[in-house]
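The values are calculated or read from the model by the stated rules, or taken from the named source; none is laboratory data. Since the model is a prediction, treat every value here as computed from it, not as a measurement. With ideal geometry, Cβ positions are generated from the backbone for all residues, glycine too; neighbour counts draw on all protein chains shown.
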Amino acid sequence: MHLTKEEERTLNGEDGETLQKAMEILVALGDIYGADSLIPVKSAQIAGVSYKTIGDAGLEWISDLNGKVKVPSILNPAGMDMQRWKDMGIEPDFAEKQVEVIKAYESLGIRSMCTCTPYYLEGFSATYGDHLAWSESSAVSYANSVIGARTNREGGPSALSAALVGKTANYGYHLDENRVPTVSVTVECELLGSDYGALGYLAGKDVGNRVPIFYMASTPSSDNLKALGAAMAASGAVALYHVEDITPEAQKVSFANPEDRIVIERSQIDEVYEEVIGGTDDLECDIAAVGCPHCSADELENIARLLEGKGIEKELWVCTSREVAEKNAELVKQIEQSGAKVLCDTCMVVSPATEGHNCMMVNSGKALAYVPGMCKVAAKIGSLEECIKKVGGDN
Ligand SMILES: C[C@@](O)(CCOP(=O)(O)O)CC(=O)O
Ligand code: SF4
């Protein structure tokens, strides 16, 4: 890979040990994947924040770094709401470690907002063609597919390295040739709300790590696309997809119809709603959680409308970013009047607080795929209305 004189200097350690380590990671990735050079990135989103997922080894690695990031950088969800962790039943020992993790990232100049939907936040908006170094898989999918920006599915360390250097290696989804669809997915039935997550859960398994182009009868909203992409990145490894006539790249570039074809029928989507993943069919859901990926303002509005005049008897979590919650304080208040909890900085998957429940109802195909393995709680997908009903909100 070609490096400029300045980059060589960093690699030789002349800008300090942290930047040298970061450059080594970027160069190693570039060499493995055949990158020609490093390219500047507009922003970085760094996974590996929840103390539940990174543990002491991760905390130690971050704490050993010195220096400041060169581009706007933001964090993935942590293991708890940084303000309301006691309400979540988080142990003080865990909270202490989680605070240490956030402080270590902050000292590198990273904004301590913890979210998988950075694209809703001021200073993190991305536009068509921007090069980014994002790591949370649903954020990567949204950036590439819904926005038409360009990012690989970075790991925590490589996103952090890109943030410190301000650049990433030019390979993978940064290049036109890797953005061409290689498999088509035809969905002729009408889809609504959580159907997009269920579809993504199914399609991801077949698509694997290819780039699909969808031919759909329905017209998805950006929230529907967020759910579809998140689920495909979880049940498969899809980092970029197109939807004919809908997503920006499919509108600008005339892609040929790929030879490999998948057709998904309504009956297959219906079957996803029947399954209890990681448990037996008779398990009763004792918690419902929505906001995977983190809720948009529109989603909060919809939830508030559905909860109006209702009382939640079991647990209902609504996960979002702190900035979106603060900007929509009235909606948050309305949602919480029902007994539901609006939790920021965290989610049902990366927080230890959901462990111990029997079964979680979710409206997300991604949460359906991850909750059983990462929380040891069975999961079932339902519409938003069903999630609310399941926890007593039908009174
Ligand atoms: C499951 C996921 O959304 C959250 C866990 O991420 P982290 O490594 O704890 O930041 C990660 C991902 O899908 O990229
Ligand atoms: S809410 Fe979902 S998409 Fe966001 S970090 Fe948690 S698991 Fe990932």
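Identify all residues within region 263-304 that are more than 19 Å from ALA369 (Cα to Cα) and within 25 Å of the chain's Cα centre (by Cα); write none if there are none.
SER296, ALA297, ASP298, GLU299, LEU300, GLU301, ASN302, ILE303, ALA304
Could you list all residues from region 122-136 that are in a loop (DSSP other than H, G, I, E, B) and within 14 Å of ligand 2 (Cβ to nearest atom)?
SER135, GLU136
Just checking, does region 306-313 include any residue being β-branched (Val, Ile, Thr) and either assigned by TED's automatic domain parsing to the domain that holds GLY79 or part of a loop (DSSP other than H, G, I, E, B) (or both)?
For region 306-313, residues β-branched (Val, Ile, Thr) and either assigned by TED's automatic domain parsing to the domain that holds GLY79 or part of a loop (DSSP other than H, G, I, E, B) (or both): present.
Which ones in region 64-86 are farther than 27 Å from THR10 by Cα and more than 24 Å from the chain's Cα centre (by Cα)?
The answer is LYS86, and nothing else.
Would you point out which residue out of VAL342, VAL332, VAL371, VAL349 is within 11 Å of ligand 2 (Cβ to nearest atom), closer than 19 Å to MET82 by Cα, crowded, with 17+ Cβ neighbours inside 10 Å and aliphatic (A, V, I, L, M)?
Every option except VAL349 fails the conditions.
Does region 169-180 include one or more residues that are more than 27 Å from ASN363 (Cβ to Cβ), buried (at least 24 other Cβ atoms within 10 Å of the Cβ), within 16 Å of ligand 2 (Cβ to nearest atom) and in the same structural domain as VAL49 (by TED's automatic domain parsing)?
No, the conditions are met nowhere in region 169-180.
Search region 237-259 for residues being farther than 28 Å from GLY155 by Cβ and charged (D, E, K, R), and hand back the single one that is surrounded by the most Cβ atoms within 10 Å (Cβ to Cβ).
GLU244
Could you tell me whether any residue of region 358-368 is of a type in the set (Lys, Arg) and in contact with a helix residue (DSSP H, G or I) (Cβ under 6 Å, 6 or more places away or on another chain)?
Yes, region 358-368 has at least one match.
Hey, can you tell me all the residues within region 25-53 that are closer than 19 Å to SER138 by Cα, surrounded by fewer than 21 Cβ atoms within 10 Å (Cβ to Cβ) and away from ligand 2 (no atom under 16 Å from the Cβ)?
LYS42
Can you find, within region 138-167, the residue that is farthest from ligand 2 (Cβ to nearest atom) among those that are of a type in the set (D, E, K, R) and under 15 Å from CYS116 (Cβ atoms)?
In this case the residue turns out to be GLU154.
Every residue in region 119-156 that is out of contact with any helix residue (DSSP H, G or I) (no Cβ under 6 Å at 6 or more places or on another chain), within 16 Å of ligand 1 (Cβ to nearest atom) and over 18 Å from MET232 (Cβ atoms), please.
Hits for region 119-156 are GLY155, GLY156.
Six or more apart or on different chains, Cβ atoms under 8 Å: show the pairs whose first residue is in region 326-347 and closer than 22 Å to SER138 by Cα and whose second is away from ligand 1 (no atom under 16 Å from the Cβ) and in a helix (DSSP H, G or I).
Listed by first residue and then by second, the contacts come to VAL342/LEU300; VAL342/ALA325; VAL342/VAL332; VAL342/ILE335; VAL342/GLU336; CYS344/ARG322; CYS344/ALA325; ASP345/ARG322.
Do the conditions hold for ALA353, that is, is it within 15 Å of ligand 1 (Cβ to nearest atom), at negative phi and assigned to a helix (DSSP H, G or I)?
The answer is yes for ALA353.
Answer with yes or no whether ASN358 is away from ligand 1 (no atom under 15 Å from the Cβ), crowded, with 24+ Cβ neighbours inside 10 Å and not assigned by TED's automatic domain parsing to the domain that holds THR117.
no
Name the one entry in ALA163, ALA139 that is aliphatic (A, V, I, L, M), outside the structural domain of GLY204 (by TED's automatic domain parsing), part of a helix (DSSP H, G or I) and in contact with a Cys (Cβ under 6 Å, 6 or more places away or on another chain).
ALA139
Sort through MET348, MET374 and tell me the only one that's assigned to a helix (DSSP H, G or I), within 16 Å of ligand 1 (Cβ to nearest atom) and closer than 30 Å to PRO92 by Cα.
MET374
Six or more apart or on different chains, Cβ atoms under 7 Å: show the pairs whose first residue is in region 100-123 and free of Cβ contacts under 8 Å to residues at least 60 places away in the same chain and whose second is charged (D, E, K, R).
Qualifying pairs under 7 Å: LEU108/LYS68; GLY109/LYS68; SER112/GLU106.
All but one of (1) within 16 Å of ligand 1 (Cβ to nearest atom); (2) β-branched (Val, Ile, Thr); (3) in a helix (DSSP H, G or I) hold for VAL290; which doesn't?
(3)
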